[in-house]
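Student: Got a structure for you, questions after.
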Amino acid sequence: MAASPAAEAGEHLDGFNRDQLSLFLYQMVLIRRFEEKCGEMYTKGKIRGFLHLYTGQEACAVGALNALAPHDKIVTHYRDHGHAIARGLHPNAVMAELYGKVDGCSGGRGGSMHLYDASLGFLGGYAIVAAHLPLAVGLGLAAKMQKTDGLALCIFGDGGVGEGEFHEALNLAVLWQTPVVFFCENNLYGMGVPFGASLSTEIPKLAAAYNMPAVSVDGMDVLAVHRATQEAVAHCRAGKGPYFIEAMTYRYRGHSMADPELYRLKDEIEAAKRRDAIEHLKADMTLAGWLDDAAYEEVAARAERVVEEAVAFAEASPEPGLATLHDRITKEPANG
Amino acid sequence: MAEMRFRDALREALREELIRDPRVFLMGEDIGLYGGSYAVTKGLLDEFGPERVLDTPIAESGIVGAGIGAAMGGLRPMVELMTINFSFLALDQIVNSAAKLYYMSNGQINVPMVIRMASGGGSQLAATHSHSLEGLYAHFPGIKVVCPSNPADAKGLLKRAFRDDNTVVFIEHTALYSMKGEVPDDPEFTIEFGKANILREGKDVTIIGYSGSVWQASRAATMLESQEGISAEVIDLRTLRPLDIDTVIASVKKTNRAVIVEDDWKFGGFAGELSAQIMERAFDWLDAPVARVCGKDVPMPYNRNLEFAALPSEEDVVDAVLAML
Ligand SMILES: Cc1ncc(C[n+]2csc(CCOP(=O)(O)OP(=O)(O)O)c2C)c(N)n1
Ligand SMILES: [Mg+2]
């Protein structure tokens, strides 16, 4: 006899408590709402430059980032708002950055693709594909040489796998046994090129070829992502070297706001939405008796308030002064 | 003649060259299914098929290297690197292989390849995505560097690039893609390299630009004429390698003053090279030191006002001219 839905959900939720899942749900809803708002503000010309939205991939950020400790370091790619928020950057600071304002997390200098908060170990969004993979190896090396049990989480897209730096970084990480969790968000496309057309093998096989433990998980399932990342983190902390996770996911929007999306069909997007991570978790929590409609409405309303406040904050924040243009090009004793 | 946009003129050049020469093929990131990140190659995959229009993985060094090999093997590849910012990943192949093989092999091997890339700031893409490093490529002997400023030149120079027996780095300013202009439809229309274009004749000062900066130069010339009664000659270099220094020198000998405009940083940049050459060949004709109006010496900030302040403007050019008169 098949297990009852409640029993299945129960099994799926094994090891998680209600507070934890409520946090995951809230963070995913917040990121989704934040990204939708960004899209809106881009259309209004408030946010400019390249804007790569994260909707659809929320479970990756929330599942992975919540497995880290405060002393761990994070480097990620340019699709970075979700990672920043999941790490604890204040949505106000992220939105202000997108507005190019002084209170932005990069002082208005970086924009969407270059978010930083060193105080939280969030060492950046990197806009050159795969540029940060070797940096993660160095961060891991620094943790190891300084004998901390810290590690580096390195998030990147499937498109990064084609770059030489991906291969150089994986090899170095294993060779030096550095504590790095390589976290590949495989959303099936690098811009308009389907992942199958840009890679001759499967991603975890590459990592395995470099002698690194590698798993592929459902990136639309925040619990699966979280479990896998916890495992990876434990592996790194135990001094066993790097670990590789491929999270299978999907981006709901175009590559960037400039994408005419000539390369994929509506059906495919709709099919991915049927696996939606937020819906998935909602259903599980409801079955477990940990969520009802009223409680969900509250979560959604709270996210909405936070996002509205972020917009108001960004609007009110001043523009950086023109006199600051040449500040902090190099670090000198005088500029601290 | 037909009026078309810069990006369409480029596409016409690619189409015509694909038709003219079976050795020509295109490869690059998102040039096929996506239609090109700046829509230059839109429709070419459908028209010519995946053998001649190849979508590549994101692997700049790999695809430029493969392009070099294909050229050595008898083909005429065009490699599109999306933007100059990503070309740094292929710099080794461009500098150590493409630019060197002909000389090092004592003329046995040449690399007829076109590498296309977009460049320039002004779109709030911040520091990693706003480079204007045409001058960097001009630094290397063994390759050619082309920087068109208008649709007709874009077509004529790109077609010429495919007929060159060397590697041509072809750099397109993103601000120009939507610019409209008259473009010859003769499939044999090409523009020779190393022939600067005198966009406007004048007698008081020579303003020199290339790519997008030609338009700052030209708008400044209009302002100088109408507001100050100053007559400026505007020169579009079109190619940095080969460089048409003779046209520049002849103009400076006539006007006795020179201003060079470029988006790139001033320190160690191409404007410095050009100004040295003017000084070496026309020192006695100069009534004022050569002026350079360039991008500010900072990584490009995202914020709109800061970015605007970091880029040279026509007002900066006007000020530079007024300061030397
Ligand atoms: C070295 C380099 N080459 C090309 C680009 C242009 N580019 C930006 S994002 C992107 C696709 C990356 O896809 P993927 O790694 O799968 O990440 P996703 O956008 O899907 O999150 C490309 C080609 C770049 N930023 N850097
Ligand atoms: Mg991808």
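Student: Which of (1) within 16 Å of ligand 2 (Cβ to nearest atom); (2) part of a loop (DSSP other than H, G, I, E, B); (3) of a type in the set (Val, Ile, Thr) is the odd one out, the single condition A:Ile329 does not satisfy?
Tutor: (1)
Student: May I ask you to list pairs of residues, at least six apart or on different chains, whose Cβ atoms are under 7 Å apart, with the first in the stretch A:170-192 being on the phi > 0 side of the Ramachandran plot and the second being of a type outside the set (D, E, K, R) and assigned to a strand (DSSP E or B)?
Tutor: Hits for this filter: A:Leu188/A:Pro194.
Student: Same structure, new question: Just to be sure, is A:Arg302 more than 14 Å from chain B (Cβ to nearest Cβ), in a loop (DSSP other than H, G, I, E, B) and surrounded by 14 or more Cβ atoms within 10 Å (Cβ to Cβ)?
Tutor: In short, no.
Student: Say whether the condition of being surrounded by 22 or more Cβ atoms within 10 Å (Cβ to Cβ), polar (S, T, N, Q) and in contact with a strand residue (DSSP E or B) (Cβ under 9 Å, 6 or more places away or on another chain) is met by at least one residue in the stretch A:219-235.
Tutor: Yes, because at least one residue in the stretch A:219-235 is surrounded by 22 or more Cβ atoms within 10 Å (Cβ to Cβ), polar (S, T, N, Q) and in contact with a strand residue (DSSP E or B) (Cβ under 9 Å, 6 or more places away or on another chain).
Student: Checking A:Met257 against (1) out of contact with any helix residue (DSSP H, G or I) (no Cβ under 6 Å at 6 or more places or on another chain); (2) part of a loop (DSSP other than H, G, I, E, B); (3) over 19 Å from A:Ser22 (Cβ atoms), only one condition comes out false. Which one?
Tutor: So the condition that A:Met257 fails would be (1).
Student: Still on this structure: Within the stretch A:91-150, restricting attention to residues that are within 14 Å of chain B (Cβ to nearest Cβ) and among the hydroxyl-bearing types (Ser, Thr, Tyr), which residue is nearest to B:Ile84 (Cα to Cα)?
Tutor: By that ranking, first place goes to A:Tyr126.
Student: Same structure, new question: Got a number for residues in the stretch A:24-55 being of a type in the set (Val, Ile, Thr) and assigned to a helix (DSSP H, G or I)?
Tutor: Residues flagged as of a type in the set (Val, Ile, Thr) and assigned to a helix (DSSP H, G or I) within the stretch A:24-55 amount to 3.
Student: Confirm whether B:Gly62 is of a type outside the set (A, V, I, L, M), at the interface with chain A (Cβ under 9 Å from one of its Cβ atoms) and surrounded by fewer than 18 Cβ atoms within 10 Å (Cβ to Cβ).
Tutor: For B:Gly62, the condition - of a type outside the set (A, V, I, L, M), at the interface with chain A (Cβ under 9 Å from one of its Cβ atoms) and surrounded by fewer than 18 Cβ atoms within 10 Å (Cβ to Cβ) - is met.
Student: Do you know which residues across the stretch B:18-42 are small (Gly, Ala, Ser) and more than 9 Å from chain A (Cβ to nearest Cβ)?
Tutor: Correct list: B:Gly28, B:Gly36.
Coordinate-derived values only; no laboratory data. Everything numeric here is computed off the predicted structure, so don't read it as measured data. We place every Cβ from the backbone using ideal geometry, glycine too, and count neighbours over all the protein chains shown.
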